[in-house]
Amino acid sequence: MATVTRPRRSVLYMPGSNARALEKARGLAADGLILDLEDAVSPDAKDEARRQVCDATRAGGYGGRELLVRVNGLNTPWFFADVAAAATSGADAILIPKVESADAVRQVEAIMDAHGAPASMAIWCMMETPRGILKTEEIANSSARMGGFVMGTSDLAKDLHCHHTRERLPMITSLGLCLLAARAYGLAVLDGVYLDLNDDEGFEYSCRQGLELGFDGKTLIHPKTIDAANRVFAPSETEVAWSQKIIAAHAEAAAAGKGVVVVDGKLVENLHVENAKRLVRLAEQIAALAADLKK
């Protein structure tokens with residue numbers, strides 16, 4: 001279901017219990033928002049947060065940003081009401097925390113279907129437990145509504161008893177398994193959050209590592225990190241220009257009956273052109289999203 005080339009460079013968590021934050025989010029340059037009913041909301045504010053989030057998404061005003069509602073977990077008292085309400089909220093997707101099986105996804109899907117969720121509404125999964133990581137392929141292939149994975153690296157590190165190192169070597173296996181499953185089944189996949197808001201250099205390093213690994217973007221916990229994530233995960237002007245050049249050259253070669261072409265001394269095949277087209281589409285969608293924000 002996911003459109004991998006949709007801009008997802010920066011996806012910001014917003015507490016559903018904070019009405020002011022939900023309003024402020026309409027003017028932020030994030031590509032997507034996770035409107036949170038789970039970790040960011042205290043138990044006594046769950047019902048009010050659910051109402052506020054659904055009211056906000058129905059009211060609109062978020063432009064072309066992707067809106068995900070993170071519901072409470074399956075074993076909580078708020079789970080069913082969260083999914084039922086979010087189903088017709090107008091959000092793009094429901095994000096399930098701590099997913100550990102395909103059955104969990106199908107349970108959410110059944111509630112969505114029973115409560116009138118449109119066919120276009122996706123299910124996203126937080127991948128944040130060892131059991132969930134071991135079931136990545138099963139989860140990725142669990143439903144036609146599956147849209148993407150979000151890495152929950154803080155919870156994962158806790159369960160793995162590992163350290164949050166700069167290179168994240170203790171989590172590389174988990175990150176890689178989720179990336180493999182996401183790409184195998186055409187899903188989007190977002191990197192986990194960076195916790196030290198005072199470490200700008202460390203945040204940028206984390207973004208660049210995520211880009212190199214293959215993530216579509218990064219989940220964020222503060223608006224001040226949006227610009228850096230947008231910059232790192234966007235195709236550069238040089239990349240876009242090169243992509244356009246090889247697309248044109250390959251099309252010309254194909255018209256002449258040639259399967260490959262050499263551009264500036266580099267062999268260009270169809271696989272290179274496919275990726276070039278992806279980057280050009282992504283750049284175009286980023287530009288459209290930025291234009292929409294200025295309206």
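Considering the range 155-184, the residues that are modelled with pLDDT of 95 or more and among the polar types (S, T, N, Q) include one that is nearest to the chain's Cα centre (by Cα), namely Ser174. Selection of helices (runs of 4 or more DSSP H) fully inside the range 132-233 by the criterion of at least 1 residues being among the aliphatic types (A, V, I, L, M) and touching a strand residue (DSSP E or B) at 6+ places or on another chain (Cβ under 7 Å) returns 136-140, 172-184, 226-233.
Considering only residues that are of a type in the set (A, V, I, L, M, F, W, C), part of a loop (DSSP other than H, G, I, E, B) and without any contact (Cβ under 8 Å) to a residue 40 or more places away in the chain, which ones fall in the range 1-53? Ala40, Val41 - these are the residues of the range 1-53 that are of a type in the set (A, V, I, L, M, F, W, C), part of a loop (DSSP other than H, G, I, E, B) and without any contact (Cβ under 8 Å) to a residue 40 or more places away in the chain.
Out of the residues in the range 239-278 meeting the condition of being touching a Phe, Trp or Tyr at 6+ places or on another chain (Cβ under 9 Å) and surrounded by 11 or more Cβ atoms within 10 Å (Cβ to Cβ), tell me which one is farthest from Gly214 (Cα to Cα). Lay out the reasoning, then the answer.
As a first pass, look at the range 239-278 and keep what is touching a Phe, Trp or Tyr at 6+ places or on another chain (Cβ under 9 Å): 263-264, 276.
Filter again for surrounded by 11 or more Cβ atoms within 10 Å (Cβ to Cβ), leaving 263, 276.
Details: Val263: 25, Ala276: 15 Å.
Within the range 239-278, the match that is farthest from Gly214 (Cα to Cα) is Val263.
For the condition buried (at least 22 other Cβ atoms within 10 Å of the Cβ) and among the small types (Gly, Ala, Ser), what is the one hit in Gly147, Gly176? Gly147 is the lone residue from the list that is buried (at least 22 other Cβ atoms within 10 Å of the Cβ) and among the small types (Gly, Ala, Ser).
Restricting to the range 57-76, what's the tally of residues that are assigned to a helix (DSSP H, G or I) and within 20 Å of Leu220 (Cα to Cα)? Give the derivation first.
In the first step, residues of the range 57-76 are kept if they are assigned to a helix (DSSP H, G or I); the result is 57-59.
If we keep only those that are within 20 Å of Leu220 (Cα to Cα) as well, we get 57.
Residues flagged as assigned to a helix (DSSP H, G or I) and within 20 Å of Leu220 (Cα to Cα) within the range 57-76 amount to 1.
For the range 129-144, a tally of residues being crowded, with 24+ Cβ neighbours inside 10 Å and either touching an Asp or Glu at 6+ places or on another chain (Cβ under 6 Å) or at pLDDT below 95 (or both) returns 1.
Rundown of residues vs (1) under 21 Å from Arg208 (Cβ atoms); (2) modelled with pLDDT of 95 or more; (3) not hydrophobic (A, V, I, L, M, F, W, C), yes/no style:
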{"residue": "Thr3", "(1), (2), (3)": "no, no, yes"}
{"residue": "Arg9", "(1), (2), (3)": "yes, yes, yes"}
{"residue": "Met14", "(1), (2), (3)": "no, yes, no"}
{"residue": "Gly32", "(1), (2), (3)": "yes, yes, yes"}
{"residue": "Leu35", "(1), (2), (3)": "no, yes, no"}
{"residue": "Ala45", "(1), (2), (3)": "no, yes, no"}
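Residues checked against (1) polar (S, T, N, Q); (2) more than 22 Å from Lys295 (Cβ to Cβ); (3) in contact with a strand residue (DSSP E or B) (Cβ under 9 Å, 6 or more places away or on another chain); (4) at pLDDT below 95:
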position	(1), (2), (3), (4)
Thr57	yes, no, yes, no
Gly61	no, no, no, yes
Val83	no, yes, yes, no
Asp92	no, no, yes, no
Lys98	no, yes, yes, no
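Please enumerate the residues belonging to the range 225-268 that are of a type in the set (A, V, I, L, M) and either in the same structural domain as Ala25 (by TED's automatic domain parsing) or under 30 Å from Val193 (Cα atoms) (or both).
Within the range 225-268, Ile226, Ala228, Ala229, Val232, Ala234, Val240 meet the criteria.
The values are calculated or read from the model by the stated rules, or taken from the named source; none is laboratory data. This structure is a prediction, so every number in the text was calculated from the model and none was measured. Neighbour counts run over all protein chains shown; Cβ positions are idealised from the backbone, glycine included.
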